[in-house]
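The values are calculated or read from the model by the stated rules, or taken from the named source; none is laboratory data. Since the model is a prediction, treat every value here as computed from it, not as a measurement. Note that we place each Cβ from the backbone using ideal geometry, even for glycine, and neighbour counts take in every protein chain shown.
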Amino acid sequence: MDVIVFALLNGTIYGLLLFMMSSGLTLIFSMMGVLNFAHASFYMLGAYLAYTVAEASTFWAALFLAPVLVGLLGMAVERWGLRKVHANGHVAELLFTFGLVYVIDELVKIVWGRTAVNYRVPEELNFPLMTLFGADFPAYRAFILVVAAAMLGALWFILNRTRAGTVIRAALVEPDMVGCLGHNVPAIFMSVFGIGCALAGLAGVIGGNTFITDPAMAAQMGPIVFVVVVLGGLGSLAGAFMAAMLIGYLQTAAISIDWSMADIFAAAGVTEATEFGRISVASLSTAIPFLLLVLVLIARPSGLMGARES
Amino acid sequence: MIADATSRADMRLDPEAGRASPVLPFGVLVAVLLLIPALDLSRSTLTLLNHCGIAMVFALSYNMLLGKAGMLSFGHAVYFGLAGFFCLHLLGWIGEGGAFGSFPVFFLPVAGFAVGALAGAVIGWPSCRRSGTPFAMISLGVAELVAALAYMFDSAFGGEMGVSGDRMVGPELLGLSLGPVQEVYWFVAFWTVAGCAGMHAFSRTPLGRLSEAARDNAQRVQYVGYDPARVRYLVFIFAGAFAGMAGGMAAVQDEIITIDALSLAPSGAILIATFVGGVRHFWGPVLGAVLMTWMESNLSDYSEAWLLYLGVAFILVVIYAPEGLAGAVAGAWRLARSADRARMAPVLALRLAGAGCMTAALVVTVEAAMRWSSGHGETFAPLGVPLPHDAPATWIAAVVPAAAGLALLRRARRIEETRT
């Protein structure tokens, strides 16, 4: 029972963090057709900037300042980089962001060093919120839940209930028409790219101290986030949400299950004596997102909620 | 429409494609390969050249996907690596004698070819149904999956240690024992030429032509009666096979392979090498592979931040020279023969000078900053002039060339604009 409750709680938090990153990626993709390969690098920048700001002032300042800085950086990248390669097609845009991964990785190593920085959970939130089945549930985890839920709500509200959101959704499907109506479409693109990066930065601010803030965090997170958006169906926010939660629960559940292949396939005669039998479910957790991707794509090539077939 | 990666701009075809005779470049390649041993090079140089040959075959196989079929893959090293692992196991089996005892090591790349094709056939089946961005992301996921699974099966992949072998086993062929690196050189040279010739021939087959058609206009290919997904799948199998061939060559050359060889890092490296070399020209990836191999072995010793330079160079090529080095060479050649070479020469000279200044500024900034942050207490001292991070001289050495470079580049653009 306690295992299930903790797996559910931690899975929800991990899934929401994944969605926070993949929502920005999905927004950018559905509007500009660009899959921002450097998205996880902006996540990493968010964590590092939050560390620096938190060292200089407080975590609360970092919570607002770091995503804004990352967003501004993203806008600059769009304005002076992506826009130039736009004429050369989507592959060129993807390649541009691919090169950006190397540059951001190395710059982070130069500025903050090659080892992990000590980005801690703020003192105000560093206490056990409640005790469940004899184990503490940290308050910071609840805080992540609140921030992610607030971000989700705000995103939904802006996209569906405000004038700016209407323009963005219109520019998504009919960019030329929106331009004809007098809106500055390049500026919309730039701000959407910035907002998407800021969301990744926010995920970095609250994810960086939950996990670990080191130069490898982008390479660790990146492939999983791309799996989430492809699994959900490229360009679908609802699909990305489903995929993020699915991966969040599955990965967390796999870590907390103390089984090996021999236990699962005992009926088929697999024993601990074979190499396959010794593989534990927990060690499979890193492969789960990618396994899921391949399995889903065999059954549904366009992903869970993907409508467009390329 | 949005997810379709091949936009109109990708459709510019090389006007000389299909017409250029392959005799001259192949003649040059063979002549160079035959002349190199006469130079009596050191063992380390020969090893570097061997790696160049392997990278050339690998990059050309990658370009079958990226350049010819328009398929951007982030996991091409999977086929290279899987074949490499198989070939090292095969080396072991040859050494044990038995059923494989009479298999000549010289033909190991053939085994790699078969394993690469098999891996391509299995993995390509779910992934080639999509094109463009989804295909790219699937290839990334597959690469991560294979690497993650490889760490679980130590008997096949050797865990952290990798798999190693001994190439001096089995029957000798052509009197090559493959022991000294000089003899491995002949082995690599033979298979490099064979691989290049094979892939060049493939680009002339109906399937090779169809893959280019499916890249430019998949709908039209379908209309004519072919299935673009099937074309992509077949090309994918061949690309995997040639990558596997390179893996077999690497197995003989290095006698060791680790799981890193099939991870994302070498996949990304071969993507960069191929694109920087130029995907629209058959020989572009060869240029890129040689440059990349040389940089990997030399620049990485010189600077800890060489990946930063690589990233910056790659981004610049993507923005300003999407045709890559081969495109730049072809452009310069066309310009040298055209009527307005006198008009464009100063623009080109200004551009080169400007780029040189910018490079100098970048190097000074990065190297000074890197040494300051690494905390080893070293100081960047180019040409014997120490440039610590807090000295005004360093700031001048960084800012002045940057400003000069910007001014030169702007001037070049203005001249070009006023004259056209």
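At-a-glance table
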quantity: Some residue of segment A:235-242 being assigned to a loop (DSSP other than H, G, I, E, B), over 23 Å from B:GLY159 (Cβ atoms), at pLDDT 75 or above and not hydrophobic (A, V, I, L, M, F, W, C); calculated: yes
quantity: Matching entry among A:VAL3, A:VAL103 (being within 9 Å of another protein chain (Cβ to nearest Cβ) and either buried (at least 23 other Cβ atoms within 10 Å of the Cβ) or in a helix (DSSP H, G or I) (or both)); calculated: A:VAL103
quantity: Matching option when the condition is within 17 Å of A:VAL111 (Cα to Cα), at pLDDT 75 or above and acidic (Asp, Glu), among B:GLU416, B:GLU367, B:GLU378; calculated: B:GLU367
quantity: Criterion: within 21 Å of the chain's Cα centre (by Cα) and free of Cβ contacts under 8 Å to residues at least 40 places away in the same chain - qualifying residue of B:ALA368, B:ALA313; calculated: B:ALA313
quantity: Any chance B:TYR233 is at pLDDT below 90, aromatic (Phe, Trp, Tyr) and surrounded by fewer than 23 Cβ atoms within 10 Å (Cβ to Cβ); calculated: no
quantity: Condition broken by B:ALA369, with the remaining ones in (1) in contact with a Gly (Cβ under 6 Å, 6 or more places away or on another chain); (2) within 14 Å of another protein chain (Cβ to nearest Cβ); (3) more than 21 Å from B:ILE272 (Cα to Cα); (4) of a type in the set (A, V, I, L, M, F, W, C) satisfied; calculated: (1)
quantity: Those residues of segment A:213-239 which are more than 8 Å from chain B (Cβ to nearest Cβ), among the hydrophobic types (A, V, I, L, M, F, W, C) and under 12 Å from the mean Cα position of the chain (by Cα), in sequence order; calculated: A:MET217, A:ALA218, A:MET221, A:ILE224, A:VAL225, A:VAL228
quantity: Counted residues, segment A:82-97 - those being more than 7 Å from chain B (Cβ to nearest Cβ) and closer than 22 Å to B:LEU310 by Cβ; calculated: 3
quantity: Residue list for segment B:37-75, filter: farther than 27 Å from B:PRO266 by Cα and outside any loop (DSSP other than H, G, I, E, B); calculated: B:PRO37, B:ALA38, B:LEU39
quantity: Criterion: of a type in the set (Gly, Ala, Ser), under 19 Å from the mean Cα position of the chain (by Cα) and buried (at least 21 other Cβ atoms within 10 Å of the Cβ) - qualifying residue of B:GLY170, B:GLY195; calculated: B:GLY195
quantity: Hits in segment B:102-156 (condition: in a loop (DSSP other than H, G, I, E, B), within 27 Å of B:ARG215 (Cα to Cα) and more than 9 Å from chain A (Cβ to nearest Cβ)); calculated: B:CYS128
quantity: Subset of segment A:245-300 that is outside any loop (DSSP other than H, G, I, E, B), among the polar types (S, T, N, Q) and away from every other protein chain (no Cβ under 14 Å) - its residue that is farthest from A:MET1 (Cα to Cα); calculated: A:THR252
quantity: Residue that is more than 23 Å from the chain's Cα centre (by Cα), crowded, with 22+ Cβ neighbours inside 10 Å and under 24 Å from A:VAL230 (Cβ atoms), where the choices are A:VAL85, A:VAL34; calculated: A:VAL85
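Rundown of residues vs (1) buried (at least 18 other Cβ atoms within 10 Å of the Cβ); (2) closer than 17 Å to A:ALA40 by Cβ; (3) not polar (S, T, N, Q), yes/no style:
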| site | (1), (2), (3) |
| --- | --- |
| A:MET221 | yes, yes, yes |
| A:ILE224 | yes, yes, yes |
| A:GLY233 | yes, no, yes |
| A:PHE241 | yes, no, yes |
| A:LEU246 | yes, no, yes |
| A:ALA253 | yes, no, yes |
| A:TRP259 | no, no, yes |
| A:PHE265 | no, no, yes |
| A:ALA282 | no, no, yes |
